[in-house]
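Let me begin by presenting the structure, written as structure tokens, before commenting on it.
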Amino acid sequence: MTNAWLMLAVGDDRQHGGNDGYDDNPRYHYRWDSTVPNHARVAVGDVIALWDKRELIGVSVIHGIETGTAEKALYTCPHCGRADFKRRRRLTPACRCNQCEALFDTPDRHMKTVTTYLSRHGQSWVHGRGLLTGKELRAMCESPASQLSMRPLHWEKLRDALFEIAGEEVPLELGGDEHSPIPGGHKVSKVRVRVGQAVFRSRLLHEHGEQCAVTGAAPAAVLEAAHLYSYAESGEHHDYGGLLLRRDIHALFDRGQITVDPASGLIDIAPGLRSYPLYADLHGQPLAVQLRPEHRVWLEAHWLTKRSSA
């Protein structure tokens, strides 16, 4: 089973009223200590999803955890002794206790010996800006209403959401063992996110609405951003180089079993698919969306690549 964590990283000064904060570099490392709930549960091999409350920053796998000890300054409300208070930047007094509601300028300061932790996760880092919102990430947590800075996350939900956005495989090397299973008995070797795929899909939805280019109106949940060329080879999102396709249509399009005849501009279904009425009925039909000249150029190249040897 793959364990996953949603961890809050809000810049160089990740600070709580009760402590002086942590210096994080989300791309490479994340710090915490034994005053943080769940501090001892995080382990090498766990998936770590870092966020800033607004959106996902990135995803990785922990390949090392460094531990140590340190003297840490802890701060408490001088009235009730609790560490749950907020520092106010523009108001005076400078602090307000969330427990007893007292206002004060200077909290009490105590020193405590703590165990320190630092994750190393730069080897598998995948940038995630623009892929998932804070609301979406909270919904994937074991306790969606949790306010903890390190909270358990359902890996299956995160994995499926990233697959949904990417349209294919997110490079995450899961587990230190090539036989490391995930629920259902499958094995994960790599998951790879296409950078910019979410923006590419959003642009297509804005241009064409909830329309599969081949079959017509369809819910957005089943529409994928299909490149009309090999994105794996180019790694670029070309203007007007994609169309929205229903998932099954997308898979068949990538295999060349569904194409567009450049001479007629009509849908061409490979002979092997025509025994299925669902697809046979599409043969010879026009596309459901208006094409630009750029689309036609890419579709002709697709036809020549997939059907030239037919």
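The values are calculated or read from the model by the stated rules, or taken from the named source; none is laboratory data. Small disclaimer: the values here were computed from a predicted structure and weren't measured. Cβ placement follows ideal geometry from the backbone for every residue including glycine, while neighbour counts extend to all protein chains displayed.
Can you list residue pairs whose Cβ atoms sit under 7 Å apart, with the first residue in the range 280-295 being surrounded by 14 or more Cβ atoms within 10 Å (Cβ to Cβ) and the second being assigned to a loop (DSSP other than H, G, I, E, B) and charged (D, E, K, R)? Count only pairs 6 or more apart in sequence or on different chains.
His283/Arg274
So if I check each of Leu278, Leu244, which one is farther than 17 Å from Ala225 by Cα and either in the same structural domain as Ala217 (by TED's automatic domain parsing) or assigned to a helix (DSSP H, G or I) (or both)?
Leu278
From the list Leu148, Leu132, exactly one residue is closer than 24 Å to Thr2 by Cα, under 16 Å from the mean Cα position of the chain (by Cα), hydrophobic (A, V, I, L, M, F, W, C) and surrounded by 13 or more Cβ atoms within 10 Å (Cβ to Cβ). Which is it?
Working: Leu148 fails: under 16 Å from the mean Cα position of the chain (by Cα).
From the options Leu148, Leu132, the qualifying one is Leu132.
Just checking, does the range 62-74 include any residue being farther than 19 Å from His110 by Cβ and assigned to a loop (DSSP other than H, G, I, E, B)?
Among the residues of the range 62-74, at least one is farther than 19 Å from His110 by Cβ and assigned to a loop (DSSP other than H, G, I, E, B), which makes the answer yes.
Looking at the range 242-264 only, could you name the residues that are small (Gly, Ala, Ser) and either at pLDDT 90 or above or touching a His at 6+ places or on another chain (Cβ under 6 Å) (or both)? Let's see the steps before the verdict.
Keep residues of the range 242-264 that are small (Gly, Ala, Ser), which gives 242, 251, 256, 263-264.
Scanning the range 242-264 gives Gly242, Ser264.
Out of the residues in the range 99-129 meeting the condition of being of a type in the set (S, T, N, Q) and within 18 Å of Trp32 (Cα to Cα), tell me which one is farthest from the chain's Cα centre (by Cα).
Looking at residues that are of a type in the set (S, T, N, Q) and within 18 Å of Trp32 (Cα to Cα), I get Thr113.
Among the numbered conditions (1) touching a Leu at 6+ places or on another chain (Cβ under 9 Å); (2) at pLDDT below 60; (3) closer than 30 Å to Leu287 by Cα, tell me where Ser180 comes up short.
(3)
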